[in-house]
Amino acid sequence: MHAHRLSESEYSNTFQSPMRRVPAEEGPPFDFWPYVDLIPQADYEGHDCSAGKVRWVYQHPTGRYEHVLISSENKDIFMVLVLDRKNGVVLGHRLLNLLTEYGLET
């Protein structure tokens, strides 16, 4: 297994509206934490997600993909893992900065 940083288009291909928020009690479809350990420090771009707290999980309308948002020290920045539920693997990861993604930075 190796860590794969998703490009914007690879990430976008796993996203389709409406994404369904998964209740915490549902739990993950498989253990993705070993993958998290493989993410190069540089991919965090200086943000700290080491607390290992999953803030949100969203599922693709088809149920195939899940986006697992791991919190950083900034409430608007997450390391997102994209899980392929059908094949039981992590497709990859992408740092999601809501401030820049949605033009919220001042």
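None of the figures in this text is laboratory data; all of them are computed from the coordinates on show. Computed from a predicted model, the values in this text were never measured in an experiment. Glycine also receives a Cβ, built like all others from the backbone with ideal geometry; neighbour counts cover every protein chain displayed.
Observations on the structure shown:
- Against the test of being in contact with a Gly (Cβ under 7 Å, 6 or more places away or on another chain) and either over 16 Å from VAL22 (Cβ atoms) or among the basic types (Lys, Arg) (or both), the options ARG94, ARG85 yield a single qualifying residue, ARG85.
- Any hit, the range 51-58, residues being touching a residue at least 24 places away in the same chain (Cβ under 8 Å) and within 16 Å of TYR11 (Cα to Cα): yes
- Total residues in the range 36-52 satisfying the condition of being exposed (fewer than 11 other Cβ atoms within 10 Å of the Cβ) and either of a type in the set (D, E, K, R) or in a loop (DSSP other than H, G, I, E, B) (or both): the figure is 5.
- If you go through the range 53-70 and keep only what is closer than 19 Å to LEU91 by Cα and either part of a loop (DSSP other than H, G, I, E, B) or polar (S, T, N, Q) (or both), you end up with GLN59, HIS60, PRO61, THR62, GLY63, ARG64.
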